[in-house]
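Comments concern the structure below.
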Amino acid sequence: MRIHWTPSLFTYIFFLLLSSATIAQVNQTSLTEYPLGCVAPSSQTAGLDFTADDSYLRFVEPSNDAYLAIDGNRMKQLVVDQAEIAHRYRNAGNQFWGRIIGTESDHDTALWMMEQLNQTGVENIREDSIVLPPQWIPDRWIISATKGQELVELTSAWPAYGSPGTGPEGLQLELVDVGLGLVTDFFGRDVAGKAVVVHSIPTSGTIINSAARSGAIRRADELGAAAILVVLELPGNLQTAFYDVGTNVPTLSIGSADGAALQKLLTDSPDNNSVKIDVQLEVTMVEGLTTSSVRGEVPASSADAERIVIVAHRDAYFEGASDNASGVATALELMRYFAQVPKSQRIRTIEIIGTPGHHNLARTGHNWLFENRESILDQTVLLINAEHSAHALIDRWGNELCSTNSIGPFSWTINGSEKLTATTLEAFDDFGIPRWTETGGPAGEIRTISTLVPSVVIMHAGVLLHTNIETAEAIPAVSLAATTRAFAKIIDQANGMSLEDLSR
Ligand SMILES: [Zn+2]
């Protein structure tokens with residue numbers, strides 16, 4: 001763009017500078033100190049600061065008072081409990097931590113879930129055991145870059161799920177940065193045998209991002225990279241957990257600050273070849289592990305009644321407070337709520353299934369649901385997926401993420417009649433749940449069975465998903481209450497509809 005310097009432009013710029021100087025002076029004396037809602041989260045800043053639970057915006061609709069017994073604060077504690085299970089596993093020395101399928105953290109979550117069901121009068125509580133194929137577990141990793149005496153350890157490095165390891169001796173590689181990794185970014189670049197850095201634009205995060213969409217990761221792999229580092233360009237230095245990316249070489253995500261540190265080493269160096277990177281990633285395929293689905297029901301008054309099934313997957317990376325501690329909390333609270341209804345008034349049996357989840361190569365939860373679809377969906381008139389059912393809206397501002405006092409938006413999919421759709425959307429709106437105006441987004445854990453019966457999915461896959469700062473603090477009690485109350489209302493209204501009404 002060319003700028004033509006005219007006298008009036010000079011005058012304009014002069015006054016602009018003068019006025020901004022005045023504003024700057026005024027601000028120096030009048031700024032009030034507030035807690036930092038906006039930060040670049042890193043190991044130094046920890047995570048984001050969130051507003052207190054009672055200061056989130058809330059939606060007051062008198063006709064919803066019937067659902068006040070569904071308690072956001074109680075559910076928040078359930079989220080905290082699950083986060084603690086993940087931390088216990090981490091503190092036991094597991095670098096790859098969370099509620100990881102097949103591990104002690106998975107079994108602890110199942111036991112905890114059954115205890116919760118026991119306390120709420122749910123019946124027929126049981127565990128369906130599932131034998132797992134060998135599970136990918138990274139035992140240890142460390143990534144560092146050196147130039148001469150200078151050493152930078154990439155503390156945000158996190159292996160993409162299923163990535164090949166390096167063996168204990170690691171790989172010492174030359175480093176090459178290919179920007180966004182578009183086809184043209186590779187023109188004239190020799191990446192063979194090198195550690196390739198690809199920058200990825202989050203849209204909105206680990207689930208959907210530019211490096212996956214544009215094929216940059218696959219391209220680096222096909223062109224012979226010896227290791228791939230994906231910089232997910234979210235503010236700060238977050239640890240982010242990708243699902244399997246299908247590469248043949250060690251592949252890890254790193255945070256923006258670590259990506260910038262590598263850029264600095266490369267650009268400060270007159271000779272790129274002098275920057276070396278040491279990649280150590282030890283992976284074991286662990287055999288003989290098991291997992292389970294946790295089940296329980298609130299039986300209807302009649303033994304041959306139809307059923308409503310609520311699914312919540314139990315597994316998570318990191319604290320996984322939204323994904324999926326929130327969904328598990330929602331499912332448990334719904335069971336508590338419906339267990340209070342006198343048995344003589346229960347029209348349909350409500351079943352909860354705490355599935356193992358899908359954050360592994362075998363996608364155990366998807367497959368288990370599909371393989372057992374006939375028994376699970378027998379007599380089922382409505383299937384609800386309680387997944388990522390609460391989150392706070394996070395805004396982005398330059399190099400920072402900003403927490404807000406608002407519930408974040410959700411995507412939604414409904415399989416069923418216009419009447420079911422209208423009932424569901426009205427309930428979401430009545431409880432003040434922000435949502436996409438059009439249907440879309442993932443169906444999550446129930447994807448393999450969601451079209452076999454009438455089903456409702458509301459979820460989000462936002463900025464913090466699969467990051468180490470999706471912590472319990474990021475989950476507003478108000479959001480848990482809103483979604484769970486809406487589901488309760490949908491179930492109540494669905495109980496007044498036949499399978500035919502719900503289907504078409
Ligand atoms: Zn999930």
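The values are calculated or read from the model by the stated rules, or taken from the named source; none is laboratory data. Values in this document were obtained by computation on a predicted structure and should not be read as measured data. Cβ: placed from backbone, ideal geometry, glycine included. Neighbour counts: every protein chain shown.
With respect to the conditions (1) among the small types (Gly, Ala, Ser); (2) within 16 Å of the ligand (Cβ to nearest atom); (3) assigned to a strand (DSSP E or B), GLY365 falls short on a single one, namely (3).
Within the span defined as the range 154-162, one or more residues are in contact with a Pro (Cβ under 7 Å, 6 or more places away or on another chain) and touching a residue at least 24 places away in the same chain (Cβ under 8 Å). Considering the conditions (1) polar (S, T, N, Q); (2) surrounded by fewer than 22 Cβ atoms within 10 Å (Cβ to Cβ); (3) within 16 Å of the ligand (Cβ to nearest atom), ASN385 is excluded by exactly one of them, (2). The single condition among (1) closer than 24 Å to THR355 by Cβ; (2) within 16 Å of the ligand (Cβ to nearest atom) that VAL463 does not satisfy is (1). Cβ separations smaller than 7 Å between residues 6+ apart or across chains give the following pairs from the range 205-223 residues that are of a type in the set (Asp, Glu) and part of a helix (DSSP H, G or I) to residues that are modelled with pLDDT of 95 or more and surrounded by fewer than 23 Cβ atoms within 10 Å (Cβ to Cβ): ASP221/THR247; ASP221/ASN248; ASP221/VAL249.
If you check GLY496, GLY416, GLY440, which single one turns out to be surrounded by fewer than 17 Cβ atoms within 10 Å (Cβ to Cβ), away from the ligand (no atom under 15 Å from the Cβ) and in contact (Cβ under 8 Å) with a residue 24 or more places away in the chain? Criteria check complete, one pass: GLY440.
Which residue, of GLU333, GLU287, GLU319, is on the phi < 0 side of the Ramachandran plot and either surrounded by fewer than 24 Cβ atoms within 10 Å (Cβ to Cβ) or polar (S, T, N, Q) (or both)?
Working: GLU333 fails: either surrounded by fewer than 24 Cβ atoms within 10 Å (Cβ to Cβ) or polar (S, T, N, Q) (or both); GLU319 fails: either surrounded by fewer than 24 Cβ atoms within 10 Å (Cβ to Cβ) or polar (S, T, N, Q) (or both).
When all the criteria are applied, what remains is GLU287.
Scanning the range 303-318 for residues that are within 13 Å of the ligand (Cβ to nearest atom) and in a loop (DSSP other than H, G, I, E, B) turns up ARG314, ASP315, PHE318. Say whether the condition of being in a loop (DSSP other than H, G, I, E, B) and near the ligand (Cβ under 10 Å from one of its atoms) is met by at least one residue in the range 339-348. Checked against the condition, which is being in a loop (DSSP other than H, G, I, E, B) and near the ligand (Cβ under 10 Å from one of its atoms), the range 339-348 yields no hits at all.
Against the definition (away from the ligand (no atom under 16 Å from the Cβ), modelled with pLDDT under 95, assigned by TED's automatic domain parsing to the domain that holds HIS313 and of a type outside the set (Phe, Trp, Tyr)), how does ASN399 come out, yes or no? If you could, list the steps in order and put the result at the bottom.
Numbers: away from the ligand (no atom under 16 Å from the Cβ): yes; modelled with pLDDT under 95: yes; assigned by TED's automatic domain parsing to the domain that holds HIS313: yes; of a type outside the set (Phe, Trp, Tyr): yes.
Answer is yes for this residue.
Scanning the range 82-111 for residues that are touching a residue at least 40 places away in the same chain (Cβ under 8 Å), not β-branched (Val, Ile, Thr) and not in a helix (DSSP H, G or I) turns up GLN95, PHE96, TRP97, GLY98, ARG99, GLY102.
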